[in-house]
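See structure below.
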Amino acid sequence: MDAQGLDWLLVPLHQLVSWGAAGAMVFGGVVPYIPQYRDIRRTQNAEGFSTYVCLVLLVANILRILFWFGRRFESPLLWQSIVMTATMLLMLKLCTDVRAANELSIRRRCFADLDPHYFWHWSTFADYLQCVLAFTGVAGYITYLSIDSALFVETLGFLAVLTEAMLGVPQLYRNHRHQSTEGMRHPLFHCWRAKVGLQFIKMVLMWTSGDTFKTAYFLLNSAPLQFSVCGLLQVLVDLAILAQAYTFTRHPPKPTPHAVHPVSAKAL
């Protein structure tokens, strides 16, 4: 069968693969949050989930959406940011409601207080929403005024993807400082506290493969350079954490001697 005769099969197959890759790009990032959301809702306990991850991802994806107005990249990447923003707002809503129900203190902390000591520790979801809208409004206004500046637009895109790419760096530093991956929690697996061993490595491999797919999608679809560079950076961070997990599991550091105290304390 000649090449033209295969077109009826190859063209729809290529289109199907493209749709599948685009769908994975749009919704793949939110899949790990589904069991997290269900677990928090079932247990009514949000202590294992850091709302600062929501803050970082909200900032990163809002900036990416604004970047789209200055440089029109692929629609799946735009929809990915929209879906992730909605997901982070849903996570914030659930965590705020759960913590409000379990909160013993009756003191209400508001975004309008503008108290830096309680930033991102407010009492109601409306306060978080006000903060997100205020940030979006200010960033959107600055983008509107500077949309004709190529330097500003490219810098905006770089900040957007770099913010997300840096999510794993605090964990990488923590592992290096403690020479251990015990209690390790990647931003995508917030309260899945894996036991030391192969489970660690399997978990790290999961997010490494996801970030690799995302970076390959950027490269193959000619996404803006910022996406590809920061995607590669994110994969390198993942590989570094994977190397730490493997090293500390196979060659755990020797426990350091501690001074003996009259009263022993139990870690909380």
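No lab work stands behind these numbers, since they all come straight from the coordinates. Just so it is clear, the model here is predicted, and its values are computed rather than measured.
How long are the semi-axes of the ellipsoid equivalent to segment 47-90, from square roots of 5 times the Cα gyration tensor eigenvalues, in whole Å, largest first?
23, 10, 6
Based only on Cα atoms, what Rg/Rh ratio does segment 13-77 have, Rh being taken as Kirkwood's radius?
Rg/Rh for segment 13-77 comes to 1.10.
Using only the Cα atoms of segment 113-186, what are the Rg and Dmax in Å?
For segment 113-186, the Cα radius of gyration and maximum Cα-Cα distance read 17.5, 49 Å.
Distance from the Cα centre of segment 159-174 to that of segment 121-142, in angstrom?
22
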